[in-house]
Amino acid sequence: MTLTIYYDGQFWIGVVEFHENERLKAYRYVFGTEPNDSEVLEFVNNRLLGIIHKSKQVGIEDKKKLKKKINPKRLQRKVAKEILNRGVSAKAQEAIKKEIEQRKLESKKLKKERNDAFKQRKWELKKQKAKQKHKGR
């Protein structure tokens, strides 16, 4: 699991990349103003698990090999290189776009259901009024 925090020109955004069952899931969180260490720590300790469990994201396939143990010096070089590499990975962006599309489809479906129910109620009221007019004569 990696957390990347970057500035997109307007807000500070955190992107969490999470590997589970050979699938990559990415979650986007908007911090707003520049987060200090305590805000980031609070996000990781309190909100992150809620965001991961609440999401119905399937993720994208990622067959990243897990290595047994990395030499500490090599790990330190890798971390330094990742710090210089600012931004989000292409796979994480793809996973976020996929989640956004999924949410869009769900909201479109809900909106259509609400609209159909509204039209049905309106039609039933119209029929009921027509019957009332005929009964009054």
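Checking the Cα-Cα distances for Lys25/Lys68; Lys25/Lys69; Lys25/Lys108; Lys104/Lys129; Lys25/Lys81 against a 30 Å cut-off, the pairs over it are Lys104/Lys129. Put in line by how crowded their Cβ is, counting other Cβ atoms within 10 Å and starting with the fewest, Thr2, Thr33 read Thr33, Thr2. Taking the fewest neighbouring Cβ atoms within 10 Å as the starting point, the ordered list for Phe118, Phe18, Phe31 is Phe118, Phe31, Phe18.
Express the relative contact order of region 2-135 as a whole percentage, based on alpha carbon pairs under 8 Å and six or more residues apart in sequence. Answer for region 2-135 is 23 percent.
In summary, the convex hull built on the alpha carbon positions of region 2-135 has an orientation-averaged projected area of 13.2 nm².
Give me the extension gain from Leu84 to Lys108: residue separation times 0.36 nm, minus the current Cα-Cα distance, reported in nm with one decimal.
4.6 nm
In debye to the nearest 20, how big a dipole does the chain give about its Cα centre with +1 on each Lys and Arg Cβ and -1 on each Asp and Glu Cβ?
Value, rounded to 20: 1360 debye.
The lysines within cross-link reach of Lys135, meaning a Cα-to-Cα straight distance under 21 Å and a gap of 8 or more places when in the same chain, are Lys122, Lys126, Lys127. In terms of other Cβ atoms within 10 Å, Ser55, Ser107 run from fewest to most in the order Ser107, Ser55.
Every read-out reported here was derived from the displayed coordinates using simple, explicitly stated rules and does not represent laboratory data. This one's a predicted model, so the numbers in the text were calculated from it and none came from an experiment. Note: ideal-geometry Cβ built from the backbone for every residue, glycine included; neighbour counts use all protein chains shown.
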